[in-house]
1. Do we find a residue being modelled with pLDDT of 90 or more, among the small types (Gly, Ala, Ser) and within 30 Å of residue A:22 (Cβ to Cβ) anywhere in the stretch B:146-160?
2. Considering only residues that are within 14 Å of chain A (Cβ to nearest Cβ) and more than 29 Å from residue B:27 (Cα to Cα), which ones fall in the stretch B:106-161?
3. When residues of the stretch A:67-102 are filtered for being within 24 Å of residue A:208 (Cβ to Cβ) and assigned to a loop (DSSP other than H, G, I, E, B), how many remain?
4. What single numbered condition from (1) under 23 Å from residue B:162 (Cα atoms); (2) at the interface with chain A (Cβ under 9 Å from one of its Cβ atoms) fails to hold for residue B:200?
5. Residue A:268 passes all but one of (1) in a helix (DSSP H, G or I); (2) surrounded by fewer than 20 Cβ atoms within 10 Å (Cβ to Cβ); which number fails?
6. Name the single residue, out of those in the stretch B:222-252 being within 8 Å of chain A (Cβ to nearest Cβ) and free of Cβ contacts under 8 Å to residues at least 40 places away in the same chain, that is surrounded by the most Cβ atoms within 10 Å (Cβ to Cβ).
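The values are calculated or read from the model by the stated rules, or taken from the named source; none is laboratory data. Fair warning: this is a prediction, and the values are worked out from it, not measured in the lab. Here the Cβ positions follow ideal geometry from the backbone for every residue, glycine too, while neighbour counts run over all protein chains shown.
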Amino acid sequence: MVEKLPRSLIIGIAVTLVAILIIYLFTKLPGGGETAKVQNVSFTGGDKCATCHQRVTPDIVYQYAMSTMAKSGVKCEDCHVVEKNNPLGHDHEGFFITYSPTPKQCARCHVRETDEFEHSRHAGPAWMALTGFDDFSPEQRKLTEEIPELTRGPNGIPTATRNALFDIEGPDVTPAACQSCHSIGKPNQDGSIGNCNKCHLRHEFSLAQVRKPEVCGQCHLGPDHPQDEIYKESAHGVMYATQGEKWNWNQKAGRLTVQDMPAPTCATCHMSGFGGEGTTHEVGTRLSMFLFAAVSTNRPNSEQNRRNMETLCYNCHSKPFVKNVYQRADSVTSFVNARVQEATNIINGLIKDKVITSKPFATQISFDAFDLWHYYGRTAKFAAYMQGPDYVQWHGVYPLLKQLNKVKEDAMRLRAQHKSGALK
Amino acid sequence: MSEISVFHIARIKLPMEKNRLVMLLVGVNFVFTGFDVALSHAVNNFVPAYEWIPIIYAPLGAASSFLLALKTNPTKPLTFAHIILMALGIAVGVLGTAFHANQALNPLGQLTWIWLTFASPILAPLAFSGISLVGLYAVVEEIKDNPGFLKVPGIGIFKAPISRDRHFLWFVGLGFAASAITSIIDHGQYGYNFYKLIPIAYGLFATGVVISVALSKEWSRGDEVTYFWTMIAGIVVGLLGFGFHLSGDLGGTGQFSVERILVFAPILAPLLYADLGVLGLIVVGEEK
């Protein structure tokens, strides 16, 4: 019978069967037939979201399919569908959804985490640095004023200090610049504050990803807060760079130990449940000083916060070692504080004597004085606590001293010019 | 008007001489392929700029093909310009394949299945090379009673190991092979099901049949019948796929949306099978 079949038909059938067999076997190989669907992934509305989005935005469907949230049965609608009165909601293919869920939606499950976040300097204070309280509703302002670590004046009233550069650079620049990072604490129209996605990148929401320093390094880098660079210089960063691939990044939250991570990342020290210390999204609870400020002062609960951090350190280091690190770092901070205060006094004196205007960033010397603490002072202080000696020395204290000298000389020159009438 | 007999199974009336009809088919293919590429490249707003190359090239290839199809006695400059354009078309296809292949690698430079399925269709640009080859051979003449002696107008005579007709068969066979591979990769994004296996199985089967026929010195009656019905099936599968893709693009809503047309199932892609089926019938047809 087979002999009577035309050769082309036999070859055609053979090619088809062999190729389909190869495809079948390939899909059975580990990872060989990996597709954008995984077991237990449940999408909403009879797979209506996935039906369209696997074509419109296939990457996010694939990312979400790989996530632990998807494996836990969290559906698209659980985060994206919002109440009818939500100002961020839109009608979309029969659903009322928000395109970008806010902490209000995250809080449906992660109540403690969002509450801790909203009471941290990552929330309202981050945006206040740009606009003060201007963008806050009364409720959002009240919530932000509850933050113990909010910068306050001598009378205890919160000071909504804003950086004048935000207005000077204006809307042509700031959306692509400072707003990008500071929007981690931007007030939302739905009454919530901030954006969890800044760190928990969508749509995989990977625990491993958010524990790695690159996530924090999205914003904590550059001349004004080079924590990312300092970490890379530190022994902790070297351990991460050289051995991090062997670490157990996916250990459940709150169960991390040195066996999972033999050296810390940013998250380990500042947020993770590690050893005897519990997990927190209030990033200030292990910090003892306002290092970001021009002249650093103790944070509220400074002593307790330092003990919290030390508890983390003791997982690997002896008590004398840890105390010594803090002692050295505190003395760098005192040194920097004194020089920054000296520069501040010089500038204030010039303003008081009407040698320069009080308008910020209107004179070269005001830029120089800003760089002095904002770049060099901060860098030296951060690096002292994070153990990045080159950043204490050559990126911190040395340029700070040089800048202070420049400010002093320029101040004398300006005073001489002012006296002679040359500045008028 | 002209008429061809396909293995004495069917007689097909053609609106024009067979060779000119092939040229017309080439022109139509350039139009559809150019439109399809324009839709695909519009998704990323034609960035990088070299995504414009096939879109600019397609109308030029189509224009020379249509002009030659409409003229009974084309001028030498037109024929020569067409040959140059077809050579360029082959290069455009190869270059595009290189660009698509580079894009298919993941950020670590590795080729993984999931990246391959979601990447730009790696073999799709070869459609330009395939159409251009057919367009080129449509102006090539075979020296009478000397199979394989091919005269390229204005350039010279070349000796090929196979006849001009066999070249066309190979083009059809390789076209089916590229379409089948593309079908396997594209449909692999979210796993296979019965409907997705139709174009895959058909494409593989048609590849086997056509290449087996192209390789055979003599064809049995069974081979001719198999070939004929395989080409007819190609037309059916192509139209069926067009329906499925259109249905997918409507997203179950019945409403037309430009966004869906751009990023959902490539609406014209299944018609490639129908296209190859028609070409496969014409090239083996004996002109009466």
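1. Looking through the stretch B:146-160, none of the residues is modelled with pLDDT of 90 or more, among the small types (Gly, Ala, Ser) and within 30 Å of residue A:22 (Cβ to Cβ).
2. Hits for the stretch B:106-161 are B:106, B:107, B:108, B:110, B:111, B:112, B:113, B:114, B:115, B:116, B:117, B:118.
3. Residues flagged as within 24 Å of residue A:208 (Cβ to Cβ) and assigned to a loop (DSSP other than H, G, I, E, B) within the stretch A:67-102 amount to 7.
4. (1)
5. All conditions pass for residue A:268, except number (2).
6. Filtering the stretch B:222-252 for residues that are within 8 Å of chain A (Cβ to nearest Cβ) and free of Cβ contacts under 8 Å to residues at least 40 places away in the same chain, the one surrounded by the most Cβ atoms within 10 Å (Cβ to Cβ) comes out as B:226.
Conditions (1) modelled with pLDDT of 75 or more; (2) surrounded by fewer than 18 Cβ atoms within 10 Å (Cβ to Cβ); (3) within 12 Å of another protein chain (Cβ to nearest Cβ), marked per residue:
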residue	(1), (2), (3)
A:45	no, yes, yes
A:49	yes, no, yes
A:54	no, no, yes
A:57	yes, yes, yes
A:62	yes, no, yes
A:68	yes, yes, no
A:76	yes, no, no
A:82	yes, no, no
A:87	yes, yes, no
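Condition check ((1) of a type in the set (D, E, K, R); (2) at pLDDT below 95) across all residues:
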| position | (1), (2) |
| --- | --- |
| A:92 | no, yes |
| A:99 | no, yes |
| A:108 | yes, yes |
| A:123 | no, no |
| A:129 | no, yes |
| A:133 | no, yes |
| A:148 | no, yes |
| A:151 | no, yes |
| A:156 | no, yes |
